[in-house]
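Notes follow the structure.
The values are calculated or read from the model by the stated rules, or taken from the named source; none is laboratory data. For clarity, every value in this text was computed on a predicted model and none was experimentally measured. Positions of Cβ are generated from backbone atoms using ideal geometry, with glycine treated the same way; all protein chains shown enter the neighbour counts. Keep in mind that these areas ignore ligands, DNA and RNA; they rest on the heavy atoms of the full protein, side chains included. Shrake-Rupley method; radii C 1.70, N 1.55, O 1.52, S 1.80 Å.
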Amino acid sequence: MLKLWKVVRPARQLELHRLILLLIAFSLGSMGFLAYYVSTSPKAKEPLPLPLGDCSSGAAGGPGPVRPPVPPRPPRPPETARTEPVVLVFVESAYSQLGQEIVAVLESSRFRYSTELAPGRGDMPTLTDHTRGRYVLVIYENLLKYVNLDAWSRELLDRYCVEYGVGIIGFFRAHEHSLLSAQLKGFPLFLHSNLGLRDYQVNPTAPLLHLTRPSRLEPGPLPGDDWTIFQSNHSTYEPVLLASLRLAEPPVPGPVPRRARLPTVVQDLGLHDGIQRVLFGHGLSFWLHKLVFVDAVAYLTGKRLCLDLDRYILVDIDDIFVGKEGTRMKVADVEALLTTQNKLRTLVPNFTFNLGFSGKFYHTGTEEEDAGDDMLLKHRQEFWWFPHMWSHMQPHLFHNRSVLADQMRLNKQFALEHGIPTDLGYAVAPHHSGVYPIHTQLYEAWKSVWGIQVTSTEEYPHLRPARYRRGFIHNGIMVLPRQTCGLFTHTIFYNEYPGGSRELDRSIRGGELFLTVLLNPISIFMTHLSNYGNDRLGLYTFESLVRFLQCWTRLRLQTLPPVPLARKYFDLFPQERSPLWQNPCDDKRHKDIWSKEKTCDRLPKFLIVGPQKTGTTAIHFFLSLHPAVTSSFPSPSTFEEIQFFNGPNYHKGIDWYMDFFPVPSNASTDFLFEKSATYFDSEVVPRRGAALLPRAKIITVLTNPADRAYSWYQHQRAHGDPVALNYTFYQVISASSQAPPALRSLQNRCLVPGYYSTHLQRWLTYYPSGQLLIVDGQELRTNPAASMESIQKFLGITPFLNYTRTLRFDEDKGFWCQGLEGGKTRCLGKSKGRKYPDMDAESRLFLMDFFRNHNLELSQLLSRLGQPVPSWLREELQHSSSG
Ligand code: A3P
């Protein structure tokens with residue numbers, strides 16, 4: 001707790017207490033209280049230049065004006081510049097409201113973070129990684145957890161912050177038992193809590209301002225009466241947000257004029273102890289705190305975590321001609337639409353409403369509304385237009401692509417007849433149907449009929465939370481995330497807005513809608529025809545939003561047509577180009593807009609992931625003998641394996657993948673599976689696999705990585721690979737980094753899959769360990785019945801197949817095979833279980849040394865997982881330690 005005064009009094013108890021504090025404060029001499037007040041502060045100085053311009057990257061964007069720090073901060077080690085910018089957030093609990101609000105802002109801004117519970121004492125997470133700092137910013141949901149850290153942890157954290165130039169953001173949330181006034185332990189800073197405030201203003205000289213535009217004084221009360229203000233006479237503290245006491249509030253201690261403006265957010269410039277901080281005297285529920293918080297993150301991270309000032313907004317009016325009679329636009333509404341569009345163009349360059357039409361419903365309103373339709377068409381050149389479906393039908397209901405295309409042609413015919421421009425390259429599907437989950441027929445028909453290049457949806461990856469919405473590119477069409485602005489077909493009257501009209505105003509004035517634009521560089525909003533008739537809520541909403549944004553932020557609002565907008569989006573977020581497919585049946589909304597002719601049962605229950613040359617084909621073969629297990633159909637192009645998750649096939653989508661599986665006769669007892677041995681060591685597969693098949697079981701087979709490498713080399717020789725034929729095995733594995741690329745490539749294919757623990761760790765990031773089985777490849781080779789028994793147990797397959805009776809050792813082949821009638825056998829083909837000379841001793845020694853650490857890590861991982869250590873690994877470790 002705060003330390004200066006011992007008496008803890010409930011809030012609002014009262015003047016006498018404050019009077020005593022006042023006396024104590026004065027007796028502290030130079031530590032007396034001084035309020036900040038913008039115009040008359042004794043430490044008022046030349047106004048600092050406002051931080052203008054764009055976000056710069058890296059150190060050049062540095063955090064504002066430089067004053068000599070006390071103590072001087074040593075330069076950052078060069079490694080820091082390469083550190084991934086990650087924010088460390090200390091939260092009170094996994095569910096604390098402020099903690100969740102902090103995380104929500106970071107997530108919406110696409111900033112990486114890591115949360116830790118702040119227990120108050122000890123337990124500081126590791127802050128450095130060798131010589132690199134792990135975090136670029138530290139946030140305390142509860143500032144007191146920081147100031148009251150035990151001496152050791154505090155010293156550790158502060159030293160880290162000074163050495164790596166890392167700042168701290170802290171929130172002080174008063175509660176009813178908070179001291180009314182106290183000094184923050186160890187800082188020349190005083191806090192006065194549980195206050196009611198009014199009339200707020202952003203200090204124009206605060207160095208951290210970036211997105212925030214300093215404002216004139218905004219009259220009116222701040223929400224709640226649990227505000228904390230900060231006071232200090234130390235030049236390290238700079239006020240950021242100021243407010244006055246409400247009239248009913250008793251004065252705060254010190255020579256503070258009654259009407260002084262007091263800081264609810266202060267910036268510590270680091271002059272006290274070399275650490276820069278931003279302290280909030282409340283949580284983030286007050287909208288302006290969110291805005292300042294985003295700036296504080298940018299400032300304290302030297303703009304490494306910083307949002308650009310450009311914001312692109314596109315307002316779609318879906319359902320043109322579709323609205324019900326009595327709710328549609330009339331002539332006067334269209335005139336108002338044009339007037340507002342012109343007004344908005346003065347504030348948002350190029351602003352143009354984007355109208356989505358379904359021609360079938362043209363002239364289906366009242367007489368006045370039909371005249372409204374005609375008025376829209378008369379001014380068609382002043383708007384942008386995009387097609388919906390002709391009859392506003394959901395595309396996923398059209399299984400037949402040509403029927404779908406015919407519907408589109410009707411709408412196109414309508415557009416041509418009425419002179420509607422058709423060259424925007426953008427379309428939206430009614431109810432998002434067919435966009436995600438993908439209905440391939442829609443993408444193809446869009447391209448062939450309309451030449452569509454861009455669409456948008458709210459559904460990828462899911463509708464909620466909205467901050468997770470993302471874009472992707474499929475089949476040449478760029479899919480952008482789409483935002484809702486709270487206006488639906490049925491929200492047509494201001495006074496009947498759900499939850500009251502204040503809800504709409506709150507969303508505009510710092511609430512959800514404001515934050516959407518603040519935190520997303522590109523926003524496509526969905527509105528409806530009915531929002532522009534009736535009370536014209538669409539016009540009210542966007543005009544108010546733009547004005548509010550311009551009043552409080554320095555954002556540069558603008559509008560671009562969909563195709564350049566989409567290009568801009570994927571320039572900003574190139575990592576989103578590639579989609580992450582999910583199971584459509586795991587989200588009810590997705591299931592509802594997915595073709596009824598498709599089923600989620602055609603997905604595998606387990607995967608055999610490799611690595612190559614460990615015996616994966618043998619397992620595949622043996623499992624296929626089981627009556628309850630069904631393998632995928634062989635792929636003609638990739639050596640029978642589908643190789644969906646790791647390569648270009650992934651972009652063909654899940655319909656393509658599911659076509660490799662039969663429809664199971666009984667989805668709960670049948671086990672579909674596929675084996676692609678290239679999955680094991682692929683960077684992308686575990687993440688993609690877990691997104692589509694989160695409950696799938698994963699089987700991997702491990703043999704001695706040295707033998708695996710040699711088997712791969714022999715495999716390449718058998719396939720006539722000139723590199724494998726021209727170089728000995730030893731030359732391949734010991735090639736230097738300057739060796740020819742083809743040799744290096746073969747070397748990698750021999751060695752890299754053998755980094756077993758590294759690859760397994762990646763799988764374990766995405767799948768729980770209980771879903772992963774590690775089969776001993778040595779045992780599989782010598783006693784396959786035992787391996788198959790543990791696989792059946794792991795998968796929970798019934799009936800149990802007794803492989804001791806099913807398999808038979810074939811002396812000629814030298815391997816186990818399927819036992820047939822009359823003592824015959826069916827074995828794997830010539831390419832499995834090849835005959836080739838033993839590995840030379842030099843290579844064996846080289847590889848024993850090469851894989852030593854990887855093998856050691858593997859044995860540690862297995863013991864952590866409680867899994868048995870295979871005999872080959874035990875032997876290898878014994879030999880390598882004695883060698
Ligand atoms: P070699 O051909 O080098 O001996 P994969 O199917 O994962 O590519 O692995 C091929 C390896 O499986 C073979 O490598 C062989 O050692 C091993 N294997 C294990 N059991 C086998 C079996 N019953 N028949 C054939 N090969 C088997």
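Structure notes:
- Counted residues, region 299-348 - those being assigned to a helix (DSSP H, G or I), buried (at least 22 other Cβ atoms within 10 Å of the Cβ) and touching a strand residue (DSSP E or B) at 6+ places or on another chain (Cβ under 7 Å): 1
- Flag for GLY796 being more than 28 Å from LEU873 (Cα to Cα) and either surrounded by fewer than 15 Cβ atoms within 10 Å (Cβ to Cβ) or more than 9 Å from the ligand (Cβ to nearest atom) (or both): no
- No other residue among LEU828, LEU801 is within 15 Å of the ligand (Cβ to nearest atom), assigned to a loop (DSSP other than H, G, I, E, B), among the hydrophobic types (A, V, I, L, M, F, W, C) and open to solvent by 30 Å² or more (accessible area, probe 1.4 Å) apart from LEU828.
- Some residue of region 690-706 being within 14 Å of the ligand (Cβ to nearest atom), farther than 26 Å from ASN783 by Cα and over 26 Å from the mean Cα position of the chain (by Cα): no
- Selection within region 816-825 - open to solvent by 50 Å² or more (accessible area, probe 1.4 Å) and assigned to a strand (DSSP E or B): TRP816
- Contacts under 9 angstrom Cβ, first residue in region 825-850 being among the charged types (D, E, K, R), partner assigned to a helix (DSSP H, G or I) and more than 8 Å from the ligand (Cβ to nearest atom), 6 or more apart: LYS830/ALA718; ARG834/ALA718; ASP838/ARG844; ASP840/PHE729; ASP840/TYR730; GLU842/TYR730; ARG844/ALA706; ASP849/SER880
- Sub-7 Å Cβ pairs linking a first residue in region 600-624 that is closer than 15 Å to PHE661 by Cβ to a second residue that is open to solvent by 10 Å² or more (accessible area, probe 1.4 Å) and within 11 Å of the ligand (Cβ to nearest atom), at least 6 apart or interchain, are ILE608/HIS620; ILE608/LYS675; HIS620/LYS675, ordered by first then second residue.
- Flag for PRO584 being within 30 Å of ASN400 (Cα to Cα) and crowded, with 17+ Cβ neighbours inside 10 Å: yes
- Scan of region 161-183 for residues that are at pLDDT 95 or above, assigned to a loop (DSSP other than H, G, I, E, B) and either of a type in the set (A, V, I, L, M, F, W, C) or in contact with a Pro (Cβ under 6 Å, 6 or more places away or on another chain) (or both), ordered by number: VAL166, PHE172
- Checking each residue of region 773-787 against the condition of being more than 13 Å from the ligand (Cβ to nearest atom), open to solvent by 10 Å² or more (accessible area, probe 1.4 Å) and within 19 Å of VAL609 (Cβ to Cβ) gives at least one match.
- Residue count for region 128-146, restricted to those that are farther than 16 Å from THR301 by Cβ and in contact (Cβ under 8 Å) with a residue 60 or more places away in the chain: 2.
- Single residue of region 551-564 satisfying the filter (more than 22 Å from LEU211 (Cα to Cα) and part of a helix (DSSP H, G or I)) that is most open to solvent (accessible area, probe 1.4 Å): PRO564
- Just one of the listed residues (VAL732, VAL752, VAL723) is within 16 Å of the ligand (Cβ to nearest atom), over 26 Å from SER790 (Cβ atoms) and surrounded by fewer than 23 Cβ atoms within 10 Å (Cβ to Cβ), and it is VAL752.
- So SER595, is it away from the ligand (no atom under 16 Å from the Cβ), modelled with pLDDT under 95 and either open to solvent by less than 40 Å² (accessible area, probe 1.4 Å) or in contact with a strand residue (DSSP E or B) (Cβ under 7 Å, 6 or more places away or on another chain) (or both): yes
- Which numbered condition SER790 fails, given (1) small (Gly, Ala, Ser); (2) more than 16 Å from the ligand (Cβ to nearest atom); (3) modelled with pLDDT of 95 or more; (4) surrounded by fewer than 16 Cβ atoms within 10 Å (Cβ to Cβ): (2)
- Strands (runs of 3 or more DSSP E) enclosed by region 83-153 - at least 2 residues per element that are over 24 Å from ILE229 (Cβ atoms): 86-91, 112-117
- Test: residue in region 855-867 that is closer than 23 Å to ASP681 by Cβ, without any contact (Cβ under 8 Å) to a residue 40 or more places away in the chain and touching a Leu at 6+ places or on another chain (Cβ under 8 Å): yes
- Some residue of region 417-439 being open to solvent by 50 Å² or more (accessible area, probe 1.4 Å), closer than 26 Å to TYR650 by Cα and modelled with pLDDT of 95 or more: no
- Within region 831-843, restricting attention to residues that are in a helix (DSSP H, G or I) and open to solvent by less than 80 Å² (accessible area, probe 1.4 Å), the residue that is nearest to the ligand (Cβ to nearest atom) is SER843.
- Those residues of region 609-621 which are within 9 Å of the ligand (Cβ to nearest atom) and either crowded, with 24+ Cβ neighbours inside 10 Å or charged (D, E, K, R) (or both), in sequence order: GLY610, PRO611, LYS613, THR614, GLY615, THR616, ALA618
- For ARG762, the conditions (1) charged (D, E, K, R); (2) farther than 25 Å from ARG844 by Cβ; (3) more than 13 Å from the ligand (Cβ to nearest atom); (4) open to solvent by 40 Å² or more (accessible area, probe 1.4 Å) are fulfilled apart from (4).
- Residue among PRO263, PRO251, PRO239, PRO221 that alone is surrounded by fewer than 18 Cβ atoms within 10 Å (Cβ to Cβ) and either touching a residue at least 60 places away in the same chain (Cβ under 8 Å) or in contact with a helix residue (DSSP H, G or I) (Cβ under 8 Å, 6 or more places away or on another chain) (or both): PRO251
- Matching residues in region 844-883 - criterion: being open to solvent by less than 50 Å² (accessible area, probe 1.4 Å), out of contact with any Lys or Arg (no Cβ under 9 Å at 6 or more places or on another chain) and more than 30 Å from ASP810 (Cα to Cα): LEU847, MET848, PHE851, HIS854, ASN855, LEU858, LEU861, LEU862, GLN867
- Pick from region 372-396, criterion in contact with a helix residue (DSSP H, G or I) (Cβ under 9 Å, 6 or more places away or on another chain) and surrounded by fewer than 16 Cβ atoms within 10 Å (Cβ to Cβ), ranking: modelled with the lowest pLDDT: SER391
- Residue match in region 651-666 (condition: open to solvent by less than 50 Å² (accessible area, probe 1.4 Å), away from the ligand (no atom under 14 Å from the Cβ), under 30 Å from GLY819 (Cα atoms) and free of Cβ contacts under 8 Å to residues at least 60 places away in the same chain): yes
- Single unsatisfied condition, LEU780 versus (1) under 23 Å from VAL685 (Cβ atoms); (2) more than 37 Å from the chain's Cα centre (by Cα); (3) free of Cβ contacts under 8 Å to residues at least 24 places away in the same chain: (3)
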